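The values are calculated or read from the model by the stated rules, or taken from the named source; none is laboratory data. Remember, predicted model here, so these are calculated numbers, not experimental data. All Cβ positions, glycine included, derive from the backbone under ideal geometry; neighbour counts span all protein chains shown.
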Amino acid sequence: MTNESILEQQHLQYHLELLKAFIAQIEQQPPFHGEEAEEKDTLFLDNLKMLGNDPHTNPNFLYEGQELMCRIITTYPHLTPLLYRDLLWFFGGDCLHFMPDEEIACYQSLDEQRHDAAISGGKFSYKDERAKIFGLH
């Protein structure tokens, strides 16, 4: 396995973990928690869960993720504070409309660093570099 494919797999795994954590959080929130869940809400949650099952076998993975992330913001705005910003960047497309230019620039820089490490064969920790770029360390 090449360095590039290892870094790509780590990148995907990081975002799948965020997706699962997000799902676990919103399952405890209305309208998904309790008896008030309508069929449309249950279906949405099921689609969100299925998204992370096996992205390698779903050719529409990124498009479906993009659509679901946008629906969270437009249909369930009270859940938006729980949505990891990384997921908006990861799925891209229309999700980028919900990100300010400064934030996009940070994620672009992070992706460039990851790409440079993949090409040079260097080590790269997405979590560590992300923390540095966003001033979390």
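Below, the figures for the structure above:
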{"item": "Given (1) over 25 Å from ALA24 (Cα atoms); (2) in contact (Cβ under 8 Å) with a residue 40 or more places away in the chain; (3) of a type outside the set (Asp, Glu), index of the condition LYS123 fails", "result": "(2)"}
{"item": "Residue under evaluation PHE22, criteria (1) surrounded by 14 or more Cβ atoms within 10 Å (Cβ to Cβ); (2) without any contact (Cβ under 8 Å) to a residue 60 or more places away in the chain, criterion not met", "result": "(2)"}
{"item": "Boolean, ILE72 is at pLDDT 95 or above and more than 27 Å from ILE133 (Cα to Cα)", "result": "no"}
{"item": "Tally, over the stretch 88-107, of residues that are part of a helix (DSSP H, G or I) and out of contact with any Phe, Trp or Tyr (no Cβ under 7 Å at 6 or more places or on another chain)", "result": "13"}
{"item": "Pair list, Cβ under 8 Å, 6 or more apart: the stretch 64-91 residue within 17 Å of GLU103 (Cα to Cα) and without any contact (Cβ under 8 Å) to a residue 60 or more places away in the chain, other residue β-branched (Val, Ile, Thr) and surrounded by 17 or more Cβ atoms within 10 Å (Cβ to Cβ)", "result": "THR80/ILE72"}
{"item": "Odd one out for HIS15 among (1) surrounded by 16 or more Cβ atoms within 10 Å (Cβ to Cβ); (2) free of Cβ contacts under 8 Å to residues at least 60 places away in the same chain; (3) of a type outside the set (Ser, Thr, Tyr); (4) in a helix (DSSP H, G or I)", "result": "(2)"}
{"item": "Residues located in the stretch 1-26, provided they are farther than 22 Å from ARG130 by Cα and modelled with pLDDT under 95", "result": "MET1, THR2"}
{"item": "Residues that are in a helix (DSSP H, G or I) and over 18 Å from GLN13 (Cα atoms), drawn from the stretch 114-130", "result": "ASP116, ILE119, SER120"}
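Per-residue answers, yes or no, for (1) more than 18 Å from GLN10 (Cα to Cα); (2) part of a helix (DSSP H, G or I); (3) of a type in the set (A, V, I, L, M, F, W, C):
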position: MET50; (1), (2), (3): yes, yes, yes
position: HIS56; (1), (2), (3): no, yes, no
position: MET69; (1), (2), (3): yes, yes, yes
position: THR74; (1), (2), (3): yes, yes, no
position: THR80; (1), (2), (3): yes, yes, no
